[in-house]
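These notes are about the structure you will find just below.
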Amino acid sequence: FRAPLPPEEREKPGLLTPISADLLAHARLEVIGRMAYSSNATFLVRCREDQPEGSARELLAVYKPAAGERPLWDFPGDSLHLREVAAYELSRWLGWDLVPVTIRRDGGELGPGSLQAFVDHDPEQHYFTLLEDHRQTFRRLAFFDILTNNADRKSGHCLLDRAGRVWAIDHGLTFHVEPKLRTVIWDFARQPFPGPERKAAARLHASLSNPASEISSIMRSLLTEAEAAALSRRASEMSMGGVFPQPDSSWAFPWPLV
């Protein structure tokens, strides 16, 4: 489902506002249709909340029910939607806001799953077309993908919204305990990790080491103990320096690329 939406169906609140999160969590869901080309069951839905004066608040969202997840040999079952939420929560906590608001919702039509604010985007734009004008954003996203151990960063998972902002979506294959990085973002290979991102990784490691911290509690509610510990180790290692890796085999590239 890539066609631009007509004005009446475009999201009203912003993607990172309290209104967005509130609508995702509490509004009535109406399934509009299934998203094409998705390996797992993925639906475009309308979140609608009627107001006392007769008006309504609406937001389009992407619903990924756990029941629609295709079994994988290397990722635990019924966990991909939780990884979607974990990626958003980590991006939010770091203050990077790379991922649209994403929540875990139990009351969907097809059962528990993730619900993410839909990005009204230009379907002709993706990583390969956007890199030249958004290098700083993509350098940070490359760092984020190493941190989250993203095994599926396709070019089409990078969206340009109508305001000219880049968003990253589709984080179901993240946070594995074993190295799984598969991405199209290799343009920063051999360049040193940026200082601000290294400092953020150090802050993350310190907070994950404290069981009472907000991010530690969130990650352990969405990931296994081993996965949360692996995230903490990656954050520690990346905070001490290093360079962006380079692909060492054809496996390092997702397919299809876009």
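The values are calculated or read from the model by the stated rules, or taken from the named source; none is laboratory data. It should be emphasised that the depicted structure is a prediction, and the values quoted were computed from it without experimental measurement. Here Cβ is always computed from backbone atoms with ideal geometry, including for glycine, and neighbour counts include all displayed protein chains. Keep in mind that these areas ignore ligands, DNA and RNA; they rest on the heavy atoms of the full protein, side chains included. Shrake-Rupley method; radii C 1.70, N 1.55, O 1.52, S 1.80 Å.
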Per residue convex hull volume, Cα only, the chain, in Å³ is 128
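Give the average over all directions of the projected area of the C-alpha convex hull of the stretch 165-218, one decimal, in nm².
Taking a quarter of the hull surface, the average projection is 5.7 nm².
Note the full-extension length gain between Ser55 and Trp251 as 0.36 nm times their separation in residues minus their Cα-Cα distance, in nm to one decimal.
Numbers: separation 196, 0.36 × 196 = 70.56 nm, distance 5.11 nm.
Separation in residues times 0.36 nm, less the Cα-Cα distance, equals 65.4 nm.
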Quick calc, the stretch 39-114, dipole around Cα centre from Cβ unit charges on Lys, Arg (+) and Asp, Glu (-), nearest 20 debye, gives 120
Gyration tensor on Cα atoms of the stretch 182-258, a ≥ b ≥ c root eigenvalues, a/c under 1.5 rounded, else prolate if a/b beats b/c, else oblate, says oblate
Counting only residues 5 or more apart in sequence or on a different chain, those whose built amide H sits under 5 Å from that of His134 are none
With Rh as the Kirkwood radius over Cα pairs, the stretch 13-121 has Rg/Rh of 0.98
Under a 1.4 Å probe, counting only protein heavy atoms, Phe138 has an accessible area in Å², nearest 10, of 0
Among Leu72, Leu115, Leu204, the residue with the largest mean-square fluctuation in a Gaussian network model of the chain built from Cα contacts under 10 Å is Leu72
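Carbon and sulfur atoms: what percent of the 1.4 Å accessible area of the chain do they account for? Each step should come with its number before you reach the end.
Working: 6400 of 11980 Å².
That fraction is 53 percent.
Given +1 on the Cβ of Lys and Arg, -1 on the Cβ of Asp and Glu, and no further charges, what dipole in debye does the chain carry about its Cα centre, rounded to the nearest 20?
Numbers: 30 positive and 34 negative charges, 120 e Å.
For the chain, the charge dipole is close to 580 debye.
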The ³J(HN,Hα) series, computed from each phi in the stretch 109-121 with the Karplus coefficients 6.51, -1.76 and 1.60 at θ = phi - 60°, rounded to the nearest Hz and given as x for glycine or proline, is 4, 10, x, x, x, 9, 9, 10, 4, 6, 8, 6, 10
Net charge (Lys, Arg +1; Asp, Glu -1) of residues whose beta-carbon lies under 11 Å from that of Val85, Val85 excluded, is +3
per DSSP, antiparallel bridges as share of beta bridges in the chain, % nearest 5, sits at 95
Lys pairs in the chain with Cα under 23 Å (8 or more apart in sequence, or on separate chains) total 4
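What accessible area per residue, rounded to a whole number of Å², is obtained for the stretch 150-209 using a probe radius of 1.4 Å?
On the way: 2380 Å² over 60 residues.
Per-residue accessible area for the stretch 150-209 comes out at 40 Å².
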Once normalised by the length of the stretch 125-258, the mean sequence separation of its alpha carbon contacts under 8 Å that are 6 or more apart gives a contact order in percent of 31
Mean-square fluctuation maximum in Gaussian network of the chain, Cα pairs under 10 Å, restricted to Ala27, Ala189, Ala56, hits Ala56
